[in-house]
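What follows draws every value from the coordinates through simple rules; no lab data is involved. Source: prediction; values computed, not measured. Note: ideal-geometry Cβ built from the backbone for every residue, glycine included; neighbour counts use all protein chains shown.
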Ligand code: CA
């Protein structure tokens, strides 16, 4: 009887979903996370006819990073502030919205905007996580909340921006926060009721207390001196995972140390496991199986949380099961995913922190000149990495990995007076002093050196095959398809289709706002769609731009879906806020300005931009109007605008310090040519 009922349901299901429907049901398309689709109705011969099928406005200009999930003709997307939308995948009509009502002031704990990279789906439920640390299960049809569980200790500045992954009856989620100071871990919860099944810590806690696992005890042997557990230690799993069902291994990518500076974190040296590593875990019980550490003793924010792809490659005549990653540190790694053995590693962007990876030891050979213990050092890649979270794609047709690559530089300096400050950034690196070079020649060099490109990389020969050059970093994630196509959105507001084997640009459309999210594709009722969430944001535009930045101020985000012979695309043109800048008569005394500059770069630059140059997402404070200046103390200390995410900073700043910051902001406005009467469209 039960089987009979099930087969009726199956028949109804098949009747509703055309057999040719091919949807996007998992974050990376499959557990291997290759983001390569077999669909080829849209291909190199007809992609020039692509037009808009529908779009959906998210009504916010904060960072948009979602990978949509498409199941049973419904598209599930996440948006800033961890909001989940269910949309009709053919028409874009809104089916339901779930707003988890995150505490807006929690935005202060987010290093890189209140972004979310996507939901997960299984058996009629949609799962997603919130910036304030909750994991939630929703009914896929109605959007009703089924369960919700807090995954973090709210005494520490944890945030969640990543997409959960599902293995059987387990839903797995990590978190972020290593810039401010947290201890990394991932947790598996029961999909049914949200109860905790296991937790894997990536770094040791206080060695005077019992260790949670043998793996953590072994890791503690590689930390020495210092009190890393008071700062947190880091190693957060804030983005990528992959799963090999046959080997029953879950792969996680771990982040940088808390604080960044290893001389403070672990002054006695050591590799500081399992920072900046790929770790293989048994998903049944959360036990460690193997690890490969990309940056032993990381001191540069070189996370290995970047996208990981599983495939098989023929290496020296032998078919190997590999895991591939291009982490922030600039090396492209091919690792045997059965045992963690390094197969090859070559740099995919220029770098000066290491000369190469020694194939005998599997370790990078560091360049002593980038050791910043004695003197500040100019290092490439910088903290934004040679590649950040934006997903890659691996086409088994071309054999190429498509990497959203970038070149960035940064000056790191040792902070000998470092002490942990709750609620502040705790990097142990003097980023408040070295945010942007002061002398014009060095500044021009940094400006020239900060670029981006889409890189087509042969993972077997470890060589570049082609590149599409962009003026600036921070372009979007990548999709490749069997139509010999690669799709990518750019930080300067274009959505582009390239010929996958040659790199020739075949189609390009002006979107009018930056794109950082990865595209996906699906086919329903015989029609193939290409979908991408547009909207600028994330780390790079928050920490600001360079003086010569070709800015593309963020506008309200949109889900944009394309099909052959669709409508003409209208670029977003409306600026969000137009202010009349006002420059009050504040102190121009050099010592006040200098104090304000220091405080600004300790606490404000991470959202409002280095040198008070905004990247276009959050307000450019040089253009504050008269009311904003008159209420400056109320905003910064009193939390007048906490409901927008601008939390009170009265725990970190005094009235005098805040006034100094305001004087510095006004001074910067004057220095960069802003005048009181000038109307602005910069924001
Ligand atoms: Ca980091």
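Observations on the model:
- Shape analysis of the range 223-301 places it in the prolate category; the axes a ≥ b ≥ c from the Cα gyration tensor give an a/c of at least 1.5, with a/b above b/c.
- Contour excess over end-to-end distance, with Cα ends at residue 675 and residue 199 and 0.36 nm allotted per residue: 165.9 nm
- Ranked by how many other beta carbons lie within 10 Å on average, peptides 281-289, 600-608 from highest: 600-608, 281-289
- A Förster distance of 60 Å, applied to the separation of the beta-carbon atoms of residue 571 and residue 248, puts the FRET efficiency at 0.80.
- Rounded FRET efficiency, nearest 0.05, which uses the C-beta distance separating residue 316 from residue 527 and R0 of 60 Å: 0.85
- Residue 471-residue 72 pseudo-label distance in nm [points 7 Å out on the Cα-to-Cβ vector]: 4.7
- Available extension along the chain between residue 365 and residue 169 is 66.3 nm, counting 0.36 nm per residue and deducting the alpha carbon span.
- Mean separation of Cα contacts under 8 Å, 6 or more apart, over the residue count of the chain: relative contact order %: 14
- Gyration tensor (alpha-carbon) shape descriptor, the range 425-533, a/c threshold 1.5: prolate
- Normalised contact order of the range 207-360, rounded percent, pairs of Cα under 8 Å and 6 or more residues apart: 17
- Shape class for the range 576-652, computed from the alpha carbon gyration tensor (a ≥ b ≥ c): rounded, with a/c under 1.5.
- Within the chain, antiparallel bridges make up roughly 95 percent of the DSSP beta bridges whose residues both belong there.
- Near-label residues of the range 294-316 by backbone N, under 11 Å of a point 7 Å along Cα→Cβ of residue 460: 313-316
- The sum of -39500 (n - 2.57) across all DSSP H runs of n ≥ 4, divided by the residue count of the chain, sets its helix-only mean residue ellipticity at 222 nm to -3500 deg cm²/dmol.
- Each label point was placed 7 Å from the Cα along the Cα-to-Cβ direction; for residue 448 and residue 46 their separation is 4.8 nm.
- The alpha carbons of the range 43-167 give a radius of gyration and a Dmax of 15.6, 56 Å, in that order.
- Footprinting exposure proxy for 56, 211, 487 (fewest neighbouring C-beta atoms within 10 Å first): 211, 56, 487
- Once the mean of 1/r is taken over each pair of separate Cα atoms and inverted, the chain shows a Kirkwood hydrodynamic radius of 25.4 Å.
- Relative contact order of the range 351-503, defined on C-alpha pairs under 8 angstrom at six or more residues apart (%): 20
- Sequence of 658, 408 once ranked by neighbouring C-beta atoms within 10 Å, starting from the fewest: 658, 408
- Extended-chain gain in nm, criterion 0.36 nm per residue less alpha-carbon gap, residue 654 and residue 355: 103.1 nm
- Rounded to the nearest angstrom and listed largest first, the equivalent-ellipsoid semi-axes of the range 318-363 from its Cα gyration tensor are 20, 12, 8.
- Residue 88-residue 208 pseudo-label distance in nm [points 7 Å out on the Cα-to-Cβ vector]: 6.4
- Computed from the C-beta positions of residue 374 and residue 221 and an R0 of 25 Å, the FRET efficiency is 0.35 to the nearest 0.05.
- C-alpha center-to-center spacing [the range 611-681, the range 402-459] in angstrom: 24
- Overall dimensions of the range 16-96 by Cα: Rg and Dmax, Å: 14.2, 40
- Considering all C-alpha pairs of the range 336-437, those separated by over 22 Å amount to 49%.
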